[in-house]
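These notes are about the structure you will find just below.
We did not get these values from a lab; they are worked out from the coordinates using the rules stated. Just so it is clear, the model here is predicted, and its values are computed rather than measured. Using ideal geometry, Cβ is built from the backbone for each residue, glycine included, and neighbour counts are taken over all protein chains shown.
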Amino acid sequence: MLKRGLPITWVIAPAKPGFPITWEIALTVLAASLFVLFGIRSGHTIDMAFLALCYGFLALGMYVPFNLCGSLSLGYNAYFAVGAYSVAILSNTAPVWILFSLPLALVVSAVLAGILGYLTRKLSGFHLALATLMFGIATQRWLVNTTDVTGGAAGLGGFGAPDIFGIGTGREQLLVVATVVIWFIAFGISRIRGSAVGIAWRVQRESSIAAEASGVPTVRMRLFALMIGAAIASIGGIVLALANGFVVPESFPVSVVFLVLFMPLLGGTGSPWGALIGAGIVVFLTVGFTGFGLPGALTFALFTLAVLIIAPKGILGIAGQLFERLRLSKDARP
């Protein structure tokens, strides 16, 4: 039990034996390896790989405040856009400044999320979702109307991935770097999930009253989760801008937030790896899958409905149950 007035110690949870650490990481490493190997074969698959990565950053960003802390924010298209336009604006100002786009996007997104979270700290449920949704809509309209800064509806372009220590970085190299970065972020979130901070978030998600009674500073913890999630989501915008070489407001619609909400449900809400798996499934079903002669959106909707009925805990939930059954059956053998 946490005593009131004492700060929560930041403890990264140690590795636990069994499925959560060994199988999830092993499967993710395998998936990431195949992801990169198959992604560099053609332009179309590279585009799909980058889209999956961008969705993955968004899904991880929303996973922290929503799935861990229970705070629903629908303004993540704004943080997505902050990352992309940070790259575009800085590169058009001075090409060398593009290297500063990452820290700038992280700071700006976190500050915006902190301000929005503080202003809406007394809201919950439908009212919180509506307020943050309006923030996302307002951001998209601002990108269109502010032509002198964002280029308006035409957007900004004419830039690419920067050279690092004199070494050129093409789309293939950027794909590999982004895959490694998103893997480390997912791994860090999975460790934090079992730490004191992660436990406090999950207690707050289930009951804010119980969290406050345990001495958890609920407002600060909620703002902390929102700021971390916004910073992670902005990295997706950076990857999108560097991969395409241009940004337009149409790339950051509010509808993308609702799409991202389903990703942890498909992969499994019990782990951040499920958000990444869900991002890959969404891209495959909406863009890459051409079977059954159905539109991608309809195929995605039918698959999501099937998963929610058959496997409410997602794909990783089924894998975890199968692993547990195999372990129990093995232990039961004489």
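On the beta carbon distance between Met134 and Leu322, with R0 = 45 Å, the FRET formula returns roughly 0.55.
A simple rule links phi to the HN-Hα coupling: the Karplus curve 6.51 cos²θ - 1.76 cosθ + 1.60 with θ = phi - 60°, which for the stretch 232-244 gives 5, 5, 5, 5, x, x, 4, 4, 4, 5, 5, 6, 8 Hz, with x for Gly and Pro. The value of relative contact order for the stretch 38-253, using C-alpha pairs under 8 Å at least six residues apart, is 45 percent. The 3J(HN,Hα) values that the Karplus relation (6.51, -1.76, 1.60; θ = phi - 60°) gives for the stretch 125-137 are, in residue order, x, 4, 5, 5, 4, 5, 5, 6, 5, 5, 5, x, 5 Hz. Gly and Pro appear as x.
Under 1.5 on a/c is rounded, so check that first for the stretch 114-267, then, if it is not, pick prolate when a/b is larger than b/c and oblate when it is not; a ≥ b ≥ c are the square roots of the alpha carbon gyration tensor eigenvalues. Oblate is the answer for the stretch 114-267, as a/c is 1.5 or above yet b/c matches or exceeds a/b.
In this simple spin-label approximation, Asn145 and Arg202 carry label points 7 Å from Cα along the Cα→Cβ vector, and these lie 4.4 nm apart. Between the stretch 118-137 and the stretch 235-255, what is the C-alpha centre distance in whole Å? After rounding, the separation between the Cα centres reads 24 Å. Ordering Lys313, Lys122 from the fewest to the most neighbouring beta carbons within 10 Å gives Lys122, Lys313.
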